[in-house]
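The values are calculated or read from the model by the stated rules, or taken from the named source; none is laboratory data. Source: prediction; values computed, not measured. Quick reminder, even Gly has a Cβ in these numbers, built from the backbone with ideal geometry, and neighbours come from all protein chains shown.
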Amino acid sequence: MTIDRYLLRLWLGPFLGGLTLVLGVLLLGRALKLLGTISDSGQAWGLIVDMLTLTMPYFLLLTVPMAFFLSMQNTITSLQQNSEMDVMRASGISYTRMFRSFFVLVLLLWVSLTYSSMVLLPQGQLGFNNILAKVYAMKGVITFSPQRFTRGFDGITVYVDGEDKQGVYQGVILEDNRGGVSVIYTAESAQFDMAGSQLQLRMNNGVRLEGNGDDQRMLAFDKYLVTIPVSAGNWKQRHSGDHVTMMTPQELWQALDKNDPGAVAEWNRRWLLPTTVLVLFFFALPFSLTQKRSGKAGSMIAGIALLVLIYNLQLMLHRQVSQGAFPGWTMWAEQGLLLALGIFLWIRAEADRLPKIFSQAGEWIYLLHRFIMHKIAHRLGKS
């Protein structure tokens, strides 16, 4: 128990510090985006605080696994650099015994994150979209928040990656369910223009997908125009059933019976996101055991690269499943393979049989760091 308390104390400080730092950066970035949307409202800061609070479940789902993994890496490398791990191993204490308290901790985090994903996340999405609807109604204009699904009209959902200085949206996804048949448009860019009581979407270089499953039809286009009738009254109270991202677990389960690819992707995403913390737990040990002279830099950089890979794989598969290109089980297959690989590497680390690339990677990064610092010092010496 003494070892457990000692290791948890080593882990807790970096975990809380890293979590606070990453959350702060994400919240600041989101606050700046929101400020540009609602800056002309008299209650701008109050609305921003409410909206940031509603986005916390989503941010925690992303940042808690990251902070847990990186702080566990920091704990392992600190033990290794100070030779404490060598002493414990020489005393017959296995890696599994050393970090058994972390396994209990990661299970508690997984349960908490699952509750957040299944219950708090859709509630936050619903509240966020309702506040946006009120803001749009007060402003009397139509805009779309980057990297967020916006449902501003009956049967229409819009997602954009960003907006340039000319007001052209980049990376546009539009879902049109007005006719009872799902029609999805993806475009590299699009211009949204008001023409009287109609909103015209002029899309460039994209694909139009209509129908589901075997009945799906695809049309590639250079330019495409979609016209949507709008009025001030269209910005109304949102309900959980309006979009899969806002559905309760019960509503989402019922939507699966309709073979909606979006519902399939969202259902799997909500269950799988929390399991990322389990996957990262098993990768922490093999990605942290490097040669002592390499310091912490090598293992931490390798860990960050692993985080980027895992989250991008999840994002790619979610998009493919939501568009009906891949079946939902592929999301589970990806996470299952990663979990199996992590457990395999942990077992190899326990037996001191890790592939040499894991110990050498830190050495390569260390040598590259020394080379760069030497070059910088040499150039500064010349100047």
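Output the helices (runs of 4 or more DSSP H) that fall wholly within the stretch 1-106 and possess 2 or more residues being out of contact with any Asp or Glu (no Cβ under 9 Å at 6 or more places or on another chain) and of a type outside the set (A, V, I, L, M, F, W, C), or say none. I'd like the intermediate steps shown before the answer.
On the way: elements: 2-38, 44-81, 84-90, 95-98.
Output list reads 2-38, 44-81, 84-90.
Hey, among the residues in the stretch 297-342 that are among the small types (Gly, Ala, Ser) and within 27 Å of Tyr185 (Cα to Cα), which one's surrounded by the most Cβ atoms within 10 Å (Cβ to Cβ)?
Applying the filter and picking the extreme gives Ser322.
Identify, from the list Leu61, Leu70, the residue that is touching a Pro at 6+ places or on another chain (Cβ under 8 Å), at pLDDT 90 or above and farther than 21 Å from Phe287 by Cα.
Leu61
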